[in-house]
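First up is the structure itself, then whatever we jot down about it.
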Amino acid sequence: RMTGTVLFFVYSNKYICVNRIEGARRYAEKAGWDIQVVERHNADRPLDVNGIIDFWKPVGIIAECAGGMPELSRKTIGRIPLVYLDEDPNGEKGRALYVNSDSPRVGELAAKELLLLDLPHYAFVGWREPRFWSEDRRKSFQAAIRLHGKDCAVFECPPKLPDARRRALLGRWIKALPKPCGVFAVHDPVAEDVLQLASVNGITVPDELAVIGVDDDPIICERTTPPLTSIGLDFEQGGFLCAQLL
């Protein structure tokens, strides 16, 4: 029985993390340990992982990376039990325990939802920076669309692009898409951008663009016009599995 404090490093948006933390705490109550959340507030400021570990002296660590916490590695953490969440198992972290959503399955679900509409055109918009989960969703979505004899346009965005420049490029790309078109946005923040830029450019949704996102974030899905269709992931179960593996 492991007692003490477990550090839960988080990077993603608050809606996703709240559910994941709740899942981990659900297991922690049975295990007899506390969870301390460590949030990365500034992507440009490295975390002092060693200092945080020295302060808390944790018995275990859950690292929710989303591809954005290079400071968290076996080298910095040492021999403390560690589980990665949303990190590429084929990346630089090496042999470890990983918990990820099934991104290829997510892409298939998005394709099924949009193919039911029998649209002539389809498109994919990924995350603003290269991420393994974004690529996995793109590949499976694109393969499913092509399987049915249709083409799938992909928004190619150079990495490290300022947000205003990225939105300008995305707006022009959306305007140039052949219509009507089914668009799979890799997750809800990207889908929100697509809907906003469609509105700015006078493109009607869902008549000209049918859009689907991922995460089922109520803060986004309920405030967009029209309300966003989104694939829900079981974030709480993901957090629970991390704690269980730990």
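The values are calculated or read from the model by the stated rules, or taken from the named source; none is laboratory data. Because the structure is predicted, anything quoted here is derived from the model rather than measured. Methodologically, a virtual Cβ is constructed for each residue, glycine included, from the backbone with ideal geometry; neighbour enumeration extends over all protein chains shown. These accessible areas exclude ligands, DNA and RNA; they are computed on the full protein's heavy atoms, side chains included. Shrake-Rupley method; radii C 1.70, N 1.55, O 1.52, S 1.80 Å.
Values computed for the structure shown
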quantity: Restricting the stretch 30-126 to trypsin sites (Lys or Arg not before Pro) in coil, as DSSP defines it, with at most 10 other Cβ within 10 Å; calculated: R79, R95
quantity: Nearest-ten-degree value, helix 163-176 long axis tilted from longest Cα axis of the chain; calculated: 30 degrees
quantity: Largest-first principal axis extents of the Cα set of the stretch 190-242 (Å); calculated: 44, 16, 14
quantity: For the stretch 1-138, convex hull of alpha carbons as volume per residue, Å³; calculated: 131 Å³
quantity: Tail weight of P(r) past 27 Å, computed on alpha-carbon pairs of the chain, percent; calculated: 40 percent
quantity: Equivalent ellipsoid semi-axes, the stretch 156-240, via Cα gyration tensor eigenvalues times 5, rooted, Å; calculated: 23, 17, 11
quantity: Leading residue at positive end of dipole, the stretch 63-191 (Cβ point charges), from S140, L109, F155; calculated: F155
quantity: Charge-dipole axis of the chain as Lys and Arg at +1 and Asp and Glu at -1 on Cβ define it, positive-most pick from G78, F9, P189; calculated: G78
quantity: Distance between the stretch 181-214 and the stretch 17-31 - C-alpha centres, whole angstrom; calculated: 33 Å
quantity: Average accessible area per residue (Å²) across the chain - probe 1.4 Å, nucleic acids and ligands excluded; calculated: 51 Å²
quantity: Three semi-axes of the equivalent ellipsoid, the stretch 103-246, Cα gyration tensor, whole Å, largest first; calculated: 24, 18, 16
quantity: Cα-based Lys proximity count in the chain, under 25 Å, for pairs eight or more positions apart or on separate chains; calculated: 20
quantity: Excluding exposed DSSP-loop GluC sites (Glu not before Pro) (at most 13 other C-beta within 10 Å), longest clean stretch of the chain; calculated: 1-91
quantity: Farthest positive-ward along the chain dipole, Cα basis, beta-carbon charges - from G94, I212, P58; calculated: G94
quantity: Percent carbon-and-sulfur accessible area, the chain, ignoring ligands, DNA and RNA, probe 1.4 Å; calculated: 51 percent
